[in-house]
Amino acid sequence: MTFTFEVLVTLKPGLADPQGKAVEASLPAMGFANVSGVHVGRHVRLDVEATNEATAAAQVEEVARRLLSNPVIEDFRVLQSATADGAA
Amino acid sequence: MTFTFEVLVTLKPGLADPQGKAVEASLPAMGFANVSGVHVGRHVRLDVEATNEATAAAQVEEVARRLLSNPVIEDFRVLQSATADGAA
Amino acid sequence: MTDAPPRVGVITFPGSLDDRDALRAVETMGGEGVGLWHADHDLRGVDAVVLPGGFSYGDYLRCGAIAGHAPILDDVKAFARGGGPVLGICNGFQILCEAGLLPGALIRNASLRFVCRDVFLRVETSQTPVTSELVPGEVVEIPVKHGEGQYVATPEQVRMIEGEGLVVFRYANSRGEVGGAANPNGSLADIAGVRNGAGNVVGLMPHPEHAVDPDVGPTGGQPLFASLLATALERAGATA
Amino acid sequence: MSADEEPLHRKLGLADDEYERIRATLGRDPRPAELAMYGAMWSEHCSYKSSKIHLKTLPTEGSAVLVGPGQDAGAVDVGEGLAAVFKMESHSHPSAIEPYQGAATGVGGIVRDIVSMGARPVALLDPLMFGPLTEPRNRWLLEGVVAGIGGYGNCIGVPTVGGEIRFADPHSANPTVDVMCVGLAEADALVTSTSLTPHAGSFMVLYGAATGRDGIGGVSVLASATLDGSSEGSRPSVQIGDPFAEKLLIEASLELIERGLLEGLQDLGGAGIACAVSESAARAGMGARLDLDAVPLRERDMEAFEILTSESQERMLAIVHPSKLEDVRAVCDRWGLQIAVVAELVEGGDLTVTHAGRLVAEVPAVSLVDEGPVYDRPCEAPRAAPGDDDDPTFQPYEGDLLESLRSVIGAPNVASKRWIWQQYDSLVQGQTLAGAGSDAAIVRIPGSMRALALSTDGAGRYGSLDPYLGAVHAVAEAARNVAVTGARPLAITNCLNFGNPERPIVMWQFAESIRGLRDACLALDTPVTGGNVSFYNESGGSAIWPTPVVGMLGLLDDHRLRVPAGFPRAGLAVYLLGETFPELGGSEFAEAVLGVVAGRPPAVDLERERALIGVLVEAAAADLLASAHDCADGGLAVALVESAIGGGHGFAVTVQTDLPAHVALFSESASRVVAGVALEHEQAFTELAGARGVPVSRLGETGGPRIVVDAMLETTVAELRAVHESAIPRLLSEAI
Ligand SMILES: Nc1ncnc2c1ncn2[C@@H]1O[C@H](COP(=O)(O)OP(=O)(O)O)[C@@H](O)[C@H]1O
Ligand SMILES: [Mg+2]
């Protein structure tokens, strides 16, 4: 079976986030003075072929930890496939 | 009140996705031959100050459409603040 | 009045890097370079506008995305609607795409790496302010330097772009043959530069401003600036 | 405090006797924030406590030197009223943890050093050393570091025009990431501690990025101890570079200086605000009142010691007379930079610091800056010096010369580094006459016929066999690289990369290297204008090779007379300047073909080197040279082949010699250059060399697609170019 996952990779709290800062700084001029706390990260979508969801989920965890994020500066979280399929 | 949103920006299907391709190509050597359909996009988190959630959500839609995504090549979807808070 | 050199404006955004180079290229080729500032609503009466290379706003979200909302872009759009010649180089090209003045978009190079090297471009049309003194099929050598120069567009857009002859330059080898290693970034159909329907707005990834001085490299940028100055001069005459 | 809990000063990297010294200075127990400041300022990285007494012996004066060591960067006179400002620094420790950000923030740091002298940065060079690319981790480090240097450098509009990259086992755990920046300024507008006169009552203005908990204890802890013991948790947080903010900082700073709005300017680097404020005050002969509540913070609830020692990037500290404050604010506003008045200069020498309305520190500013400990650490030479026994020069060799040439040309140290430098913007600013790929980068001085010639060189492999000779070679090769272009070598900066100075053998290596730098710089008349020391590059008791990296700056009076490295056309006479001796010790041939790093490195006769440089500069000025390329790694064979590849023309030569063919071709004897000379200039050229006492031999002529050496070696330029170009990409894409 194929399970679809989404991995969200975000900078660890407290680290400088130049991207988020640049976006936030540009918003007031566009008329959005009420937006703050902007942080920019990565979104990765992937399909895993496995016999059951638990196996697939464990693999995604590992891929996210070893390849998709750098634990020194980033955190990640995995959105379950149900969420991924449901949303559009 | 402050509402937190997450915006997921993804490449439109059919467009070249060099990052996704590179991730996918490196997976088999790491022991994950069963992962496919990898796509890399952006994740943006933001706080919106508004009187109610509907107003905040409408603003986020607009920010996502006008700035966070490029309609020529990208789609986006907004995760509601509830989802954002609930996930970890 | 007729002896006055054409005035070419170069916009500086926060993070523009090749703005001084573009001004120098304009002056080297006999024009008058006019510095413009992103936050001003003022084109200072120039006869042509250049959006230079660089990393406006760090290119942090998407290349050119934030600059596409800069105040001066309103004026650039009005100038373009009036037929004024507008040239976007590299980051300037990205900004013009983001601002909707040119079709398509630019994403990470297929290699995922920044690339700085000389390339050859085959001219596809003379119907633009930067190719008016060139003929289709001619080849010019110019450097590229970018990390996000892969030109992409939706299939409908591609049909439109090719159908209406909006491609201005394609990556090629020195003999003008496209394909393969000549393409430094994986661009769709080897597209290095495009124009708008009216033909007065052009964007390209390679850097003609870095190809006018024989001491520092190839000189394929000279005919592009010569064309731009000639077009600007005509316009100056017409609006004078 | 329980008995087994470590006292605070030790946690901050201060030794017990250093703690006592602080108590003696203050006449009381130090407060925690004070300890944190001393910990950072008296760290190895900031105080040079182990290296100071050795560095003092380096020659620092010369007719061209405008600013020597002791300022943010050195400066030399390049004529026409201009000064070239240059400095090299390492960011090896952060790069070992997070290669992209470590390298990126290294670029940011050195650029701010140049800007704080009032100079516009015009060039970057990046000498790098990694472990072998056969290891996946080394590939990851290399790719990350190169992407980080490009990601930052390309984004701030300063061309990266050169550098070097070498591979050796000892760098697997400890990559070496050095960065050099060069800037230009009006000589009479340089900003130094004596060029401007700050007033008591003037403000200290912090501008640029907000302050977060970046690299708390970073430089001090990270670069002042080995990485071994530090657990994940005790590692200082990685700093994230913001090149966009840096670009704005450069433009705003230069505008502030140009408009005469400042009484002083300093970058924030290691030890953050504590360092910048205390140094600015001490240099002005004053004290300062610092209010930490005025510092714009990125995070809430930061403690005093965190704000004081945070190494958040992209910040500068300006001294501003109150009457100029509004003008300064306007400039920063225009560039979108946050500004805050954080301190005020006061009479007397005390630095007082308040936080949340409370006094948290009150110390003499000079005690932080100039009164740190100085150590004469024990040195001990290794028992066995490298001798003739295992010298590869005398090992039997029965290999195929062409096969060996292929191995050497494709060896990672010799192979083309195009894969790397193609990822750097070398063109921005429009003055790069020769970028990476040439012996020295040539950067034109805008609006002038003059140009700067820049080269970085280290010789770790020689250094591992003989640290004195390694240092001499580094200076000699750097000077030669500059001189082959026709430029006169003027001065050097350096970065000294070593292991743990508390080990006597490392300290001996350091002292020997300094002796080598000193002798070479004196002989070649290239004084030292500054530099940086990077100790503690070791893990598990095994250190990197002693690697002083030299950044040479030379001047070309007329760039139109610049000499290229490659043979520009057919029909040139090919000459070897200098003499070849049987010297394969520590050579590329020995490593790549025989698989040994052993023996005695080639000798360097500094008088010969000086004479050779004189001939090159004079011959170029008289337009006698069509090409010139120095012999370094891989010796004569590699120099010939690289000249052919560079210009696209082959050659046929004869190597008249009594030496065995492989020794003649691959010996790395110093002070040699391969030159292409037009036939009509041969006589003038040989007479010039003869007059200067430099031996020359005519080897043959250029032309055709083939490479022919006597009857012993024959191939094509195209074949060897393919080997040279493909080696690094192949190593990087092989098996992930
Ligand atoms: N890491 C690097 N970054 C930029 N340029 C590099 C790097 N490594 C090597 N180069 C360039 O490649 C060329 C060859 O390097 P190298 O073999 O060290 O030269 P040389 O032997 O003349 O000192 C030089 O032009 C150098 O600037
Ligand atoms: Mg050389």
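FYI, it's all coordinate maths here, none of it is from the lab. Small disclaimer: the values here were computed from a predicted structure and weren't measured. A quick note on method: Cβ atoms are made from the backbone with ideal geometry, for glycine too, and the neighbour counts reach across all protein chains shown.
The mean count of C-beta atoms from other chains within 10 Å of the C-beta of residues in C:45-56, rounded to a whole number, is 2. Principal-axis analysis of the Cα atoms of chain D puts helix D:16-26 at an angle of about 50° to the longest axis. Once the Cα atoms are used to define both axes, helix D:243-258 deviates from the longest principal axis of chain D by about 80 degrees. Can you give the mean number of other chain Cβ atoms that lie within 10 Å of the Cβ atoms in peptide D:469-475? Per residue, the number of nearby Cβ atoms from other chains is 0 on average.
Under 1.5 on a/c is rounded, so check that first for the stretch D:398-524, then, if it is not, pick prolate when a/b is larger than b/c and oblate when it is not; a ≥ b ≥ c are the square roots of the alpha carbon gyration tensor eigenvalues. Note, shape of the stretch D:398-524 comes out oblate.
Counting only DSSP H runs of at least 4 residues, each contributing -39500 (n - 2.57), and dividing by the residue count of chain A, the helix-based mean residue ellipticity at 222 nm comes to -8000 deg cm²/dmol. Compactness of the protein assembly as shown, taken as the C-alpha radius of gyration over 2.2 N^0.38 Å, stands at 0.93. Between D:Asp29 and D:Glu579, the simple spin-label model (points 7 angstrom out along Cα→Cβ) gives 7.1 nm. In nanometres and ascending order, the distances from the A:Ser36 label point to those of the other copies are 4.8 (point 7 Å from Cα along Cα→Cβ).
The distance separating the Cα centre of the stretch D:583-626 from that of the stretch C:110-167 comes to 46 Å. Normalising the average separation of contacting C-alpha pairs (under 8 angstrom, six or more residues apart) by the number of residues puts the relative contact order of the stretch C:7-239 at 22 percent. The count of lysine pairs in chain D whose Cα atoms are under 27 Å apart, excluding pairs fewer than 8 places apart on the same chain, comes to 8. With the cut-off at under 13 Å, measuring from each backbone N in the stretch D:570-597 to a point 7 Å along the Cα-to-Cβ line of D:Gln656 picks out D:576. Could you give the nm distance between label points at C:Arg81 and D:Glu5, where each point is 7 Å from its Cα heading toward the beta carbon? Each label point lies 7 Å from its Cα, and together they span 7.0 nm. Two tests apply to each whole DSSP H helix in chain C, Cα reach of 15 Å or more along its axis and mean Kyte-Doolittle hydropathy of at least -0.5, and the ones passing both are C:222-239. Using Cβ point charges alone (K and R +1, D and E -1), the dipole size of the stretch D:687-736 about the Cα centre works out to roughly 140 debye. Averaged over the residues of peptide D:405-411, the number of Cβ atoms from other protein chains lying within 10 Å of each residue's Cβ is 0.
Is the stretch C:82-139 rounded, prolate or oblate when judged by the Cα gyration tensor, a ≥ b ≥ c being the square roots of its eigenvalues, rounded requiring a/c under 1.5 and prolate requiring a/b larger than b/c?
Verdict is oblate for the stretch C:82-139.
For the modelled label position 7 Å from the Cα of C:Ser111 along Cα-to-Cβ, which residues of the stretch D:395-418 have backbone nitrogen atoms closer than 18 Å? Those under the cut-off are D:415-418. The value obtained for chain C, namely the Cα convex hull volume divided by the number of residues, is 109 Å³ per residue. Spacing of the modelled spin labels on D:Arg334 and A:Ala25, each 7 Å from Cα toward Cβ, amounts to 1.6 nm. Per-residue extension of 0.36 nm, minus the Cα-Cα distance of C:Ala189 and C:Asp40, leaves a gain of 49.9 nm for this segment. Partners of B:Lys12 within straight-line reach, counting lysines whose Cα lies under 24 Å from its Cα and excluding those fewer than 8 residues away in the same chain: B:Lys21. With R₀ fixed at 25 Å, the C-beta to C-beta distance from C:Glu138 to C:Arg159 puts the FRET efficiency at about 0.45.
Quick one: helix D:99-115 against the long Cα principal axis of chain D, what's the angle to the nearest 10°, folded into 0 to 90? So the helix axis and the longest Cα principal axis differ by about 80 degrees.
Between D:Asp400 and D:Glu326, what is 0.36 nm times their sequence separation minus the Cα-Cα distance? Round to one decimal in nm. All intermediate terms of the calculation are to be shown ahead of the outcome.
Details: separation 74, 0.36 × 74 = 26.64 nm, distance 7.39 nm.
Roughly 19.2 nm would be gained on extension.
Assuming 0.692 mPa s and 37 °C, estimate D for chain D with Stokes-Einstein, Rh taken as the Kirkwood radius over Cα pairs, in µm²/s. Estimated via Stokes-Einstein, D reaches 125 µm²/s. The translational diffusion coefficient of the stretch A:2-83, from Stokes-Einstein at 37 °C and 0.692 mPa s with a Kirkwood hydrodynamic radius over alpha carbon pairs, comes to 229 µm²/s.
Charge dipole (Cα centre; +1 on Lys/Arg Cβ, -1 on Asp/Glu Cβ; no other charges) of the stretch A:2-83 amounts to roughly 260 debye. Look at where the Cα atoms of the stretch D:402-465 and of the stretch D:302-362 average out, and the two centres are 41 Å apart. With the label put 7 angstrom out from Cα along the Cα-to-Cβ vector, A:Thr51 ends up 5.9 nm from the copy partners, going from closest to farthest. Partner aspartates and glutamates whose Cα lies under 13 Å from the Cα of C:Lys145, excluding those fewer than 8 positions away in the same chain, are identified as C:Asp18, C:Asp118, C:Glu209, D:Asp425. Closest approach of a chain A beta carbon to the axis mapping chain A onto chain B (residue, whole Å): A:His43, 2.
If R0 equals 41 Å, the separation of the Cβ atoms of B:Ala33 and D:Ala718 corresponds to a calculated FRET efficiency of about 0.60. Assuming R0 = 41 Å, what is the FRET efficiency of D:Ser63 and D:Ala678, from their Cβ-Cβ distance, to the nearest 0.05? Taking R0 as 41 Å, the efficiency between D:Ser63 and D:Ala678 is 0.75. With a cut-off of 16 Å on the backbone N, the residues of the stretch D:90-120 near the modelled label site 7 Å out from D:Glu186 along Cα-Cβ are D:117-120. I'd like the distance separating the alpha-carbon centroids of the stretch D:80-146 and the stretch B:1-69, in whole Å. For the stretch D:80-146 versus the stretch B:1-69, the Cα centre distance is 32 Å.
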